[in-house]
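Chemist: What follows is a structure written as structure tokens; I'll ask about it next.
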Amino acid sequence: MNQKFILLIIGLFMLSGMSLLSQTIDYADPLTPVEKKPSIYMGPVLGYNKSMHSVELKTFAQDPLCPTFVNGSNNGFFAGWSFEYLLGEPEVSNSSIIARLLYNNLPASMEQPDLDMPTRVVEINGADTTEIIQNTSILHTNEVKYDIITFEVMYKFNPLQGGALKGFGVTFGPTFDFALTKTQEQRMDLIRPLNAQFKRNEADIANKGYKYENNDRSIVIMDGDIPNSSAFRLGIKAGVQYEILLGRGGMYVVPSIHYNFGLTNLNSDFGWRVNAIQIGVDLRFSMGGLF
């Protein structure tokens with residue numbers, strides 16, 4: 001359902017862009033064949049996210065002695081459509097407003113080992129089983145899925161007007177993000193000893209929703225929406241880009257790198273914020289560049 005919604009939104013935005021691209025080209029003077037440089041550029045966007053979740057999260061919230069997840073990161077991506085409007089006279093403009101509608105994938109992986117911890121387990125010796133307390137090695141993990149629809153508005157300034165670096169620009173502005181997915185799967189896996197498994201706790205299964213997997217060597221502590229999480233994120237994005245002109249000026253390839261800093265919390269209980277390093281490429285067509 002989420003994927004269909006994403007494709008519908010991006011598709012509608014692309015159709016509106018193509019409608020503008022198909023308008024009549026504006027000329028500087030109807031008596032001359034010189035085409036006036038357009039003020040509007042638009043096109044697809046694709047890139048890579050290095051997402052970073054800043055949080056200190058107990059593996060078991062009710063037990064302060066349990067290990068703590070400290071931050072998490074993972075690789076994601078973004079895709080969408082951009083719209084650029086040049087400010088001032090297009091021929092001499094060195095600034096613009098850039099708006100983008102994006103799908104952002106910002107996951108995180110967290111892990112925390114728990115070594116030599118006395119744990120009640122079931123030791124297996126052939127067909128015999130014995131319940132004992134034994135020092136164990138346990139790995140706690142938390143896999144976070146965080147997918148958002150982003151609308152961002154950025155101001156672009158090209159400080160250099162000549163030479164090879166005239167395409168260099170700096171950009172900054174706010175991002176408005178709306179969550180599509182904000183879930184986590186927290187689990188604990190018994191690493192050692194190899195001939196043991198967790199002792200099932202039927203009360204935890206019934207009351208807390210715990211699930212036992214991998215022949216009872218894994219326990220899924222939580223699997224679902226992040227509790228008390230916000231569906232809205234506000235961020236500030238800043239970075240640099242470089243415009244590479246293709247052909248006679250109808251199309252630009254624009255590689256860029258940005259830092260996206262979250263101003264609001266994903267979860268206020270833990271001060272959980274999501275930031276990202278974003279590396280991408282915009283392909284921008286002028287209104288008359290396709291003809």
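The values are calculated or read from the model by the stated rules, or taken from the named source; none is laboratory data. None of the values given here were measured: they were computed from a predicted structure. For neighbour counting, all protein chains shown are included, and Cβ atoms are generated from backbone atoms with ideal geometry for every residue, glycine included.
Chemist: Condition test on Gly167, is it within 23 Å of Gly47 (Cβ to Cβ) and modelled with pLDDT under 95?
Modeler: Here the answer is yes, as Gly167 does meet what is asked.
Chemist: Kindly provide the set of residues from the stretch 92-118 that are free of Cβ contacts under 8 Å to residues at least 40 places away in the same chain and surrounded by 16 or more Cβ atoms within 10 Å (Cβ to Cβ), ordered by number.
Modeler: Residues satisfying the conditions do not exist here.
Chemist: What is the one condition in (1) without any contact (Cβ under 8 Å) to a residue 40 or more places away in the chain; (2) in a strand (DSSP E or B); (3) not β-branched (Val, Ile, Thr) that Glu89 does not satisfy?
Modeler: The number of the failed condition is (2).
Chemist: Tell me the residue from Gly163, Gly250 that is of a type in the set (Gly, Ala, Ser) and in contact with a Leu (Cβ under 9 Å, 6 or more places away or on another chain), please.
Modeler: Going through Gly163, Gly250 in turn, just one is of a type in the set (Gly, Ala, Ser) and in contact with a Leu (Cβ under 9 Å, 6 or more places away or on another chain): Gly250.
Chemist: Go through the stretch 244-269 and count every residue that is more than 19 Å from Asp147 (Cβ to Cβ), crowded, with 18+ Cβ neighbours inside 10 Å and at pLDDT 95 or above.
Modeler: 2
Chemist: Evaluate the following for Met110: is it assigned to a strand (DSSP E or B), within 30 Å of Asn260 (Cβ to Cβ) and touching a Ser or Thr at 6+ places or on another chain (Cβ under 9 Å)?
Modeler: Yes; evaluated as a whole, the condition is true for this residue.
Chemist: Going by what's in this entry, would Ser93 be described as of a type in the set (Gly, Ala, Ser), touching a strand residue (DSSP E or B) at 6+ places or on another chain (Cβ under 7 Å) and within 30 Å of Leu283 (Cβ to Cβ)?
Modeler: yes
Chemist: Here is a further query. Starting from residues that are touching a strand residue (DSSP E or B) at 6+ places or on another chain (Cβ under 6 Å) and of a type in the set (Lys, Arg), keep the ones in the stretch 132-180 and report whichever is farthest from Ile279 (Cα to Cα).
Modeler: Lys145
Chemist: Take Gly235 and tell me if it is assigned to a strand (DSSP E or B), exposed (fewer than 12 other Cβ atoms within 10 Å of the Cβ), touching a residue at least 12 places away in the same chain (Cβ under 8 Å) and not aliphatic (A, V, I, L, M).
Modeler: So Gly235 fails the test.
Chemist: Residue under question is Met188, and the condition is that it be part of a strand (DSSP E or B), at pLDDT below 95 and crowded, with 18+ Cβ neighbours inside 10 Å; does it hold?
Modeler: For Met188, the condition - part of a strand (DSSP E or B), at pLDDT below 95 and crowded, with 18+ Cβ neighbours inside 10 Å - is met.
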